[in-house]
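Trainee: Sending over a structure as structure tokens; questions will come in a sec.
The values are calculated or read from the model by the stated rules, or taken from the named source; none is laboratory data. Here the structure is a predicted model, which is why all the values come from computation and not from measurement. Neighbour counts run over all protein chains shown; Cβ positions are idealised from the backbone, glycine included.
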């Protein structure tokens with residue numbers, strides 16, 4: 001009976017520790033450093049390895065032996081920090097020139113409860129959202145292009161519509177306002193009835209018509225009109241492609257004598273250890289029971305934290321190594337050789353769950369011979385070519401970008417014409433709508449807008 005009570009008491013502690021370990025996986029490097037600093041403030045047992053050692057209390061031979069065993073137990077192993085001494089690449093390669101609405105949505109999906117299958121579907125939805133935040137095509141059209149049935153797309157769209165900015169993913173202004181209203185937590189039957197059932201009258205500013213149709217007082221309807229004005233009709237417009245952000249990679253990949261060398265960027269990530277001073281107090285028979293229990297509790301927390309960081313770094317290294325192995329042709333030849341890849345492939349290769357791969361590649365960047373890429377970039381969806389060979393959507397977008405770059409500025413090709421060129425030259429069969437979607441993702445204007453007139 002006593003053993004059962006102890007298990008019940010320890011279980012919540014273990015859950016908190018596991019949650020902490022999972023959270024550390026998906027933190028960016030900057031967030032990880034902040035998390036370490038916070039943990040050190042809350043746990044006096046933790047200290048940085050290269051700091052000056054604190055004065056040791058008087059120790060018996062048995063105490064010295066115990067402390068040494070504890071120090072060896074908690075010392076970080078070199079295997080968790082591979083490739084520390086690799087030279088960092090040129091700083092100019094660490095520039096990411098744009099951060100737009102679609103990037104913002106992808107970032108949130110990486111932090112939200114989208115499962116791997118939903119992430120793939122969400123990518124199709126995000127690719128069809130314009131700069132104002134609206135869904136450009138109907139669910140039926142996206143279903144035809146993506147191959148996902150409407151009953152799969154619709155619930156994922158609903159999840160996307162709960163992301164920031166409020167109102168994103170709406171199909172029209174009416175839905176945009178209703179999404180913002182729902183997310184605001186307001187409960188007003190007058191507001192909901194006016195917007196959901198009489199939006200056409202609202203757009204014509206017909207207060208009397210709405211009052212007659214609903215029976216609501218005109219004053220109430222005026223209040224609804226004023227509240228509607230507080231919502232943003234173009235929720236995506238605050239995101240600009242003109243912003244420039246500087247990215248420091250989490251992983252470096254460079255060509256070596258026997259393949260590719262992989263190194264983690266551990267700059268600014270302190271190496272932690274247990275304080276010898278507090279370990280000495282824990283081993284000291286003169287120290288009182290309450291103090292000793294406090295120290296030992298903090299020792300357990302410190303042990304878990306150190307191991308969690310070590311495990312995070314080891315997992316990041318192994319996943320990076322697996323990505324390089326799967327995408328070897330990309331590292332050899334460049335973007336055109338990027339292959340379709342799913343989380344499950346890397347998860348099985350590394351020996352972890354898919355969710356672990358998803359978390360460890362969130363907000364992480366890899367420096368490659370071809371530039372710096374978010375690690376999620378190496379998991380592109382695929383299209384089939386005429387001979388049945390799967391082709392990365394990133395490659396298709398690169399082909400479209402090249403066609404536009406080389407186009408006749410006086411007569412740039414339409415989306416239909418681009419689709420025809422992809423079919424005739426590369427045996428890639430995609431619809432005009434898909435070309436338009438990829439063009440939007442690449443921030444390429446329509447052929448009419450690209451036309452240069454003398």
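Trainee: Can you confirm whether residue 358 is farther than 28 Å from residue 103 by Cβ, at pLDDT below 90 and buried (at least 20 other Cβ atoms within 10 Å of the Cβ)?
Mentor: Numbers: farther than 28 Å from residue 103 by Cβ: no; at pLDDT below 90: yes; buried (at least 20 other Cβ atoms within 10 Å of the Cβ): yes.
No.
Trainee: Answer yes or no: is there a residue in the range 244-263 that is surrounded by 15 or more Cβ atoms within 10 Å (Cβ to Cβ), at pLDDT 85 or above and part of a loop (DSSP other than H, G, I, E, B).
Mentor: Within the range 244-263, one or more residues are surrounded by 15 or more Cβ atoms within 10 Å (Cβ to Cβ), at pLDDT 85 or above and part of a loop (DSSP other than H, G, I, E, B).
Trainee: Another question, if that's okay. What pairs come out if I take residues in the range 11-34 that are over 15 Å from residue 310 (Cβ atoms) and pair them with residues that are at pLDDT 80 or above and in a helix (DSSP H, G or I) whose C-beta lies under 6 Å away, six or more apart or interchain?
Mentor: 26/359
Trainee: Tell me, which helices (runs of 4 or more DSSP H) wholly within the range 35-134 include 1 or more residues that are at pLDDT 85 or above and within 28 Å of the chain's Cα centre (by Cα)? Full working, then the answer.
Mentor: Working: elements: 61-74, 101-111, 116-127.
Here the list reads 101-111, 116-127.
Trainee: When only residues in the range 125-136 that are surrounded by 16 or more Cβ atoms within 10 Å (Cβ to Cβ) and in contact (Cβ under 8 Å) with a residue 60 or more places away in the chain count, which is nearest to residue 174 (Cα to Cα)? If you could, list the steps in order and put the result at the bottom.
Mentor: Let us first name the residues in the range 125-136 that are surrounded by 16 or more Cβ atoms within 10 Å (Cβ to Cβ), namely 125-129, 131-136.
Now restrict to residues that are in contact (Cβ under 8 Å) with a residue 60 or more places away in the chain: 127-129, 131-134, 136.
Values: 127: 22, 128: 19, 129: 16, 131: 18, 132: 14, 133: 13, 134: 11, 136: 15 Å.
Across the range 125-136, the extreme among qualifying residues is 134.
Trainee: Can you find a residue in the range 401-421 that is modelled with pLDDT under 85, touching a helix residue (DSSP H, G or I) at 6+ places or on another chain (Cβ under 6 Å) and surrounded by fewer than 18 Cβ atoms within 10 Å (Cβ to Cβ)?
Mentor: No; the residues of the range 401-421 include none that is modelled with pLDDT under 85, touching a helix residue (DSSP H, G or I) at 6+ places or on another chain (Cβ under 6 Å) and surrounded by fewer than 18 Cβ atoms within 10 Å (Cβ to Cβ).
Trainee: Let me ask another. Can you work out which of the residues in the range 333-349 that are at pLDDT 90 or above and surrounded by fewer than 19 Cβ atoms within 10 Å (Cβ to Cβ) is nearest to the chain's Cα centre (by Cα)?
Mentor: Pass one, the range 333-349, residues at pLDDT 90 or above: 345-349.
If we keep only those that are surrounded by fewer than 19 Cβ atoms within 10 Å (Cβ to Cβ) as well, we get 345, 348-349.
Numbers: 345: 19, 348: 21, 349: 21 Å.
The extreme case among them is 345.
Trainee: OK, next. Considering each of 322, 363 in turn, give the residue that is crowded, with 18+ Cβ neighbours inside 10 Å and touching a residue at least 60 places away in the same chain (Cβ under 8 Å).
Mentor: Numbers: 322 fails: touching a residue at least 60 places away in the same chain (Cβ under 8 Å).
Every option except 363 fails the conditions.
Trainee: Can you report the number of residues in the range 145-191 which are surrounded by fewer than 19 Cβ atoms within 10 Å (Cβ to Cβ) and in contact with a strand residue (DSSP E or B) (Cβ under 8 Å, 6 or more places away or on another chain)?
Mentor: Qualifying residue count for the region: 2.
Each row is one residue, and each column tells you yes or no for (1) in a loop (DSSP other than H, G, I, E, B); (2) within 19 Å of residue 129 (Cβ to Cβ).
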{"position": "394", "(1), (2)": "no, yes"}
{"position": "402", "(1), (2)": "no, no"}
{"position": "409", "(1), (2)": "yes, no"}
{"position": "419", "(1), (2)": "no, no"}
{"position": "434", "(1), (2)": "no, yes"}
{"position": "439", "(1), (2)": "no, yes"}
{"position": "448", "(1), (2)": "no, no"}
{"position": "452", "(1), (2)": "yes, no"}
